[in-house]
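Below: one structure in structure tokens.
All of the numbers you see were taken from the coordinates with simple rules; none came from a lab. If you're wondering where the values come from, they're calculated on a predicted model, not measured in any experiment. Cβ sites come from the backbone with ideal geometry, for glycine too, and all protein chains shown count toward neighbours.
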Amino acid sequence: MDPQTFLSTLMLLIVGGNDTTRNSISGGLLALLDNPLEMKKLKENPALVTSMVPEIIRWQTPLTSMRRTSTRPVVLNGQEIPEGAKIIMWYLSGNRDETVIPNAASFIIDRANPRHHLSFGFGIHRCMGNRLAEMQLKILWEEILSRSMTIELQGEPLRTYSNAVRGFTHLPVRIVA
């Protein structure tokens, strides 16, 4: 690899392996706190962790977008895209597409087809750490549920000011054992 490609790949791995997971944890917690009926479902049936994890990743959508370069001219929904055009895939928009995901604006931990989202990309551009991220979230939530904790929001969450990472700089909570 040339130095620029190497540096870009390294940065992608650092962001992909750190920022996305920790922001999915925070975003998932906030989604559960904002949707107490979903939290109740989870506490009554901890096996829902398996379908909740991909719903968290879809709902939180930790990366905002990814840029690509078209390799040939195409027409997409009537829009001509020439070869060499810089195009953006907006993950959050795709993950809220009501024509693909029923009731997409709602956080539903027992959603049918929960892994049907774009947060990990698609095809040859699919995240190589997707299973690790899902496993980390699954273990975390299994451990939280096994401890019968109550987690309460203690203030206003502050979002990260970024055009690349959709996350949090501050999520004040209180944990009651």
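Would you check if there is a residue in the range 109-126 being in contact (Cβ under 8 Å) with a residue 24 or more places away in the chain, farther than 17 Å from V15 by Cβ, of a type in the set (D, E, K, R) and buried (at least 17 other Cβ atoms within 10 Å of the Cβ)?
Looking for residues that are in contact (Cβ under 8 Å) with a residue 24 or more places away in the chain, farther than 17 Å from V15 by Cβ, of a type in the set (D, E, K, R) and buried (at least 17 other Cβ atoms within 10 Å of the Cβ), one finds at least one in the range 109-126, hence yes.
Which residue is nearest to L13 (Cα to Cα), if the candidates are limited to the range 53-77 and must be part of a helix (DSSP H, G or I) and out of contact with any helix residue (DSSP H, G or I) (no Cβ under 6 Å at 6 or more places or on another chain)?
P54
When the range 130-175 is examined, which residues are found to be surrounded by 15 or more Cβ atoms within 10 Å (Cβ to Cβ), out of contact with any Ser or Thr (no Cβ under 6 Å at 6 or more places or on another chain) and within 20 Å of G94 (Cα to Cα)?
N130, E134, V165, listed by residue number.
Okay, moving on. If you go through the range 79-89 one residue at a time, do you hit one that is closer than 16 Å to P62 by Cα, in contact (Cβ under 8 Å) with a residue 12 or more places away in the chain and crowded, with 17+ Cβ neighbours inside 10 Å?
So far as the range 79-89 goes, no, none of its residues is closer than 16 Å to P62 by Cα, in contact (Cβ under 8 Å) with a residue 12 or more places away in the chain and crowded, with 17+ Cβ neighbours inside 10 Å.
Looking only at the range 150-177, which residues are under 15 Å from L30 (Cα atoms) and part of a loop (DSSP other than H, G, I, E, B)?
If the condition is that a residue be under 15 Å from L30 (Cα atoms) and part of a loop (DSSP other than H, G, I, E, B), then Q154, G155, E156, P157, T160, R166, G167, L171, P172 are the ones that fit.
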